[in-house]
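The next block holds one structure in the form of structure tokens; read it before the comments.
The values are calculated or read from the model by the stated rules, or taken from the named source; none is laboratory data. The model shown is predicted, which means the values in this text are computed figures rather than measured ones. For neighbour counting, all protein chains shown are included, and Cβ atoms are generated from backbone atoms with ideal geometry for every residue, glycine included.
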């Protein structure tokens, strides 16, 4: 399909750009589609490893518009191509520094300092994976961090969930709709989750709980087959045959580069205060998992990218 350029790029590649999008997951590319179609010159600084967490997934079955599913990397490649078709400039470089104290804003990436009238932060959040042999190698091959995404693949299978907070309880509850058996593995002897969430999982006949237990290894020939467990009270080791392992021990929002310049909560999630996606700095907007503490779904991130872009377009119009 022929490009339909809606947004002219600045004469100087360094800008000032109408907007610079930092990050390249569903939120970033969706935002770029809307900013370019709104005639705002748009630079996406996507990172050397671009595309967000969907680049680590295989089949995505819950993104609207793909009745037969789509591979995560293919979805991100298509989103990038769509944003570029409308005039977005994409650079696969990581951002090294930002200066939000002056206008236009300064964003340094790949050793080059770019100028921006507005910024959309879509840097995402990283899953905190178990740091034990086999887990990272089997991501997408039985190891997951998202039951709403992947639970249907484990119909009538045995699965395990690692964690003790509300997110772990939610993962386990979702999995009971599909799996034949769900084992919650927790390193302590009591959960951190809310009382209501705890009661829900403790009363579910499909769920069993292993207290004071840690995963020491995940093994399998091309896909997850079993976990090696250790009781941290007795030192006893055991094996648990499972088809799936869902890791729910936390996420770390990628917001360190904005520290001291923009308001975040105690965990590092960017605070939004103005409109839907505005931040504590006027002209800086945010979307996706770097702000989303609950849903962490590609379609939610994409919707937030749309909202941030539309708020940017309004801001740019006012800023003239």
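Just name the residue that is nearest to residue 248 (Cα to Cα) out of those in the stretch 150-166 that are in a strand (DSSP E or B) and out of contact with any helix residue (DSSP H, G or I) (no Cβ under 9 Å at 6 or more places or on another chain).
Restricting attention to the stretch 150-166, the residues satisfying the condition of being in a strand (DSSP E or B) are 158-162.
Right, trim to out of contact with any helix residue (DSSP H, G or I) (no Cβ under 9 Å at 6 or more places or on another chain) and you get 158, 160.
Details: 158: 17, 160: 10 Å.
My answer is 160.
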Per the filter on the stretch 245-300, residues surrounded by 19 or more Cβ atoms within 10 Å (Cβ to Cβ), part of a loop (DSSP other than H, G, I, E, B) and within 15 Å of the chain's Cα centre (by Cα) are 248, 254, 255, 269, 287, 288, 289, 290, 291, 292, 296
Step by step: first the residues of the stretch 109-128, then only those that are in a loop (DSSP other than H, G, I, E, B) and over 22 Å from the mean Cα position of the chain (by Cα), then the one that is surrounded by the fewest Cβ atoms within 10 Å (Cβ to Cβ). Which residue is that?
111
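Taking the condition over 17 Å from the mean Cα position of the chain (by Cα), modelled with pLDDT under 95 and farther than 22 Å from residue 94 by Cβ, does residue 310 pass?
Working: over 17 Å from the mean Cα position of the chain (by Cα): yes; modelled with pLDDT under 95: no; farther than 22 Å from residue 94 by Cβ: yes.
The answer is no for residue 310.
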Pairs, please: C-beta under 8 Å, at least 6 apart or cross-chain, first residue at positive phi and in the stretch 255-269, second surrounded by 16 or more Cβ atoms within 10 Å (Cβ to Cβ)?
268/253; 268/255
Taking the stretch 79-108 and keeping residues under 16 Å from residue 298 (Cα atoms) and out of contact with any strand residue (DSSP E or B) (no Cβ under 8 Å at 6 or more places or on another chain) leaves 79
